[in-house]
Structure formats: C-alpha cells, structure tokens
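Here the structure comes first, spelled out in structure tokens, and everything after it is commentary.
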Amino acid sequence: MKKPLPKLTTDEEAERFVAEADLTDYDLSEFRTVRFEFQPKSARVNMRLPKSLLDAVKAAADRAGMPYQRFIRQALEAAVRQPRRGA
C-alpha cells in the first residue's frame, strides 16, 4: 500500500521532500498536470456570449479545476495551434 503524501507548508519543505523522498512509495494518483503561464497578459478582449454558453464554459472550467478565463485562453491557444482544414 502506498503512503499518503505529507502536508508540506513551505516551499523549502516541499523542495527537501522531493529531493530526499522516494516518490514511488507515495500515492500520486490524484495528481494532475498543471500548466504554468509565464507570458504576461497585456491585451484585453471583451465579448458578448449567451448566458448558457458562459455558464457551460464556467462549469467546464470548474471540472478542469481552473478559472474560467484561463480555460477560455487555453481553448483559444489550442484553436490557433491546430492546422486549418482546407488551407
């Protein structure tokens, strides 16, 4: 049986734990990938959406565990990375 992760209250504790612990001994099943955003956000976009769409976006963002504005930004980033059909 895997050990539960200890509660770490400081960055120093976390760094020491990761450096010294054998992470294969711990249950990491509830971990999820986190994407860090380093690029500054300097432009603003305002748009009108149907309330039902905004509610659906907020619910999807909540399920993904992130703020809805970040969820929208990531959806836009994914859309522009995809190759365009017929282009």
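Out of curiosity, is GLU77 open to solvent by less than 70 Å² (accessible area, probe 1.4 Å), modelled with pLDDT of 90 or more and either among the β-branched types (Val, Ile, Thr) or part of a helix (DSSP H, G or I) (or both)? So GLU77 fails the test. Look at the stretch 19-34: where a residue is touching a residue at least 24 places away in the same chain (Cβ under 8 Å) and a partner is part of a loop (DSSP other than H, G, I, E, B) and of a type in the set (Lys, Arg), sitting 6+ places away or on another chain with Cβ atoms under 6 Å, you get TYR26/LYS2; ASP27/LYS2. In a residue-by-residue description of the stretch 34-50, the property of being modelled with pLDDT of 90 or more, part of a helix (DSSP H, G or I) and either touching a helix residue (DSSP H, G or I) at 6+ places or on another chain (Cβ under 9 Å) or among the polar types (S, T, N, Q) (or both) applies to no position.
Starting from residues that are within 14 Å of ARG35 (Cβ to Cβ) and in a helix (DSSP H, G or I), keep the ones in the stretch 59-68 and report whichever is most open to solvent (accessible area, probe 1.4 Å). Here the residue is ALA64. Scanning the stretch 39-58 for residues that are open to solvent by 100 Å² or more (accessible area, probe 1.4 Å) and under 14 Å from ILE72 (Cα atoms) turns up LYS41, ARG44, VAL45, ASN46, MET47, ARG48.
Quick check: anything in the stretch 16-23 in a helix (DSSP H, G or I) and touching a Pro at 6+ places or on another chain (Cβ under 8 Å)?
Yes, that holds for at least one residue.
The values are calculated or read from the model by the stated rules, or taken from the named source; none is laboratory data. Please read these numbers as outputs of a predicted model, since none were measured by experiment. For neighbour counting, all protein chains shown are included, and Cβ atoms are generated from backbone atoms with ideal geometry for every residue, glycine included. Surface areas here come from the heavy atoms of the whole protein model, side chains and all, with no ligands, DNA or RNA. Shrake-Rupley method; radii C 1.70, N 1.55, O 1.52, S 1.80 Å.
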